[in-house]
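Read the structure below first, then the notes.
The values are calculated or read from the model by the stated rules, or taken from the named source; none is laboratory data. A quick note: this is a predicted structure, and the numbers were derived from the prediction, not measured. All accessible areas refer to the heavy atoms of the entire protein, side chains included, with ligands and DNA or RNA removed. Shrake-Rupley method; radii C 1.70, N 1.55, O 1.52, S 1.80 Å.
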Amino acid sequence: MILSSSLRPTILVVGDLMIDHYIWGGCERISPEAPVQVIDVKRETKTLGGACNVMSNLIALEASVLSCGVVGEDLAGRELLGFLQELGMESKGVITQKGRPTTQKSRIIASNQQVVRVDWENKSPISEESEEAMIAYIRSKLSLCDAVILSDYGKGVLTPRVCQTIIQMAKTLQKRVLVDPKGRDYSKYRGASLLTPNKKEAKEATGIEINDEASLKKALECLKKECELEFSVITLSEDGIGIFDQALERIPTIAQEVYDVTGAGDTVIASLAYGLSLGYPLRECALFANAAAAVVVGKIGSATATHGEIAEYLHSSHQGESQERILSRDSIQKIAKQWRSRGRKIVFTNGCFDILHAGHVQYLQKAKACGDCLIVGLNSDASVRRLKGELRPINSQEDRALVLSGLEAVDYVVVFDEETPYELIRAIEPDVLVKGGDYEGKEVVGSDLVKEVKLIEFLEGRSTSAVVKKIQGS
């Protein structure tokens, strides 16, 4: 599922801010001092973790993000603030509390396998002064936000007072609050829009062992009722996501290769908040979140998923419905940018494609062979009438786009209304522009915007006009 929008929602993330520290190396021997592996360190990296990873996921989806949490007066805290600054985020909502360490999780990775984790943290509740400072910041920013995420890792930042104050303020302003919960007592989240516990967490909170559809529904209904939620969601790891609005629905997982599930829950809640902020129904948001999580678990460490990565993953794994390949100009511009950033070669062609025939199919197959991603610009109904007269097109732009999107060679379809696709080509910035062989010796619109123009001969004797005449003749 691809969520298309030119809007950029603003989402406030409140929770446990952390540094994820990784020590990377190899292992070829066991220590003579104890039966443990000896890791030869190759490199060391630090990234944002915890609630900060939720923020990173939202930024990858091109949302605007506000941050709020607590750090200590230490090196990790200063590094965390520096990372937020690098992401272009303000840190006015990040409160510094004396005597409290910034949470840092250090993971030792040997040959892409996590060996051990070491945590520096203080799980006790934050001070009343820190609570007051957080609440004051949130009160000043909440009206500017489309949604709020409470990312609770049980490190003492999301106290009952902080949670309930945020939820009540958000309700007053009709803002949704999504919670990634922690612990057995979910009473402090009462009144939120939805929670995203995993199967184990849901069992701890409800006492219900989830082992089939009936128990899943029972747990979802229990959470919805007890916590007075708008929706109920439980993430099910390899079994996907269970959602309950008016009825139960399980969204199956689509991950093909799982390397590291670190941060997958952060990706899910970020994706849900992003989709709901844009006005999409819960089911479509869950499909999108599932696809984003599939991208993330294929990476090592806390990771993010961009629109382009999600679209490429869905296409490569043959997931999603064909109409999801029909995108707006804004959406295709974002996705094309992501494909380019990953070193993919983008091909563009355009046409009316009124009555699809063998000539079209062969032409599009050859066009796709010119690169990695084929984007087809489709003339709108009004554009076709201007080109071919009032009796055309035979099929509507919706029907033509759907048929094209069902072809294996076509990655995306974008409808354009102008006389020529020049502005669309400018927006996409393809590497290769493909046109029919009949353009030999003629000016090709958009040739000045691309690296290469390729002309492909049409299949002889195949044309829409010939099909129309044959039908009229019969």
- [ ] Divide the volume of the convex hull of the Cα atoms of the range 410-451 by its number of residues and quote the answer in cubic angstrom per residue.
- [x] 97 Å³
Task: Relative contact order (percent, whole number), the chain, Cα cutoff 8 Å, 6+ residue spacing - done: 12 percent
Task: Accessible surface ranking that places the most exposed of 373, 27 first, with a 1.4 angstrom probe - done: 27, 373
Open item on the list: Angle check, please: helix 160-172 long axis (alpha carbons) against the longest principal axis of the chain (alpha carbons), in degrees 0 to 90, nearest 10.
Closed with: 40 degrees
Open item on the list: What is the angle, in °, between the Cα long axis of helix 464-473 and the longest principal axis of the Cα atoms in the chain? Nearest 10 is fine, range 0 to 90.
Closed with: 60 degrees
- [ ] Could you work out how far helix 282-296 tilts from the main Cα principal axis of the chain, as a 0 to 90 degree angle to the nearest 10?
- [x] 80 degrees
Task: Hydrodynamic radius by Kirkwood, which averages 1/r over all alpha carbon pairs of the chain, in angstrom - done: 24.8 Å
Task: Accessible solvent surface per residue of the chain, calculated while the other protein chains remain in place, 1.4 angstrom probe, Å² - done: 45 Å²
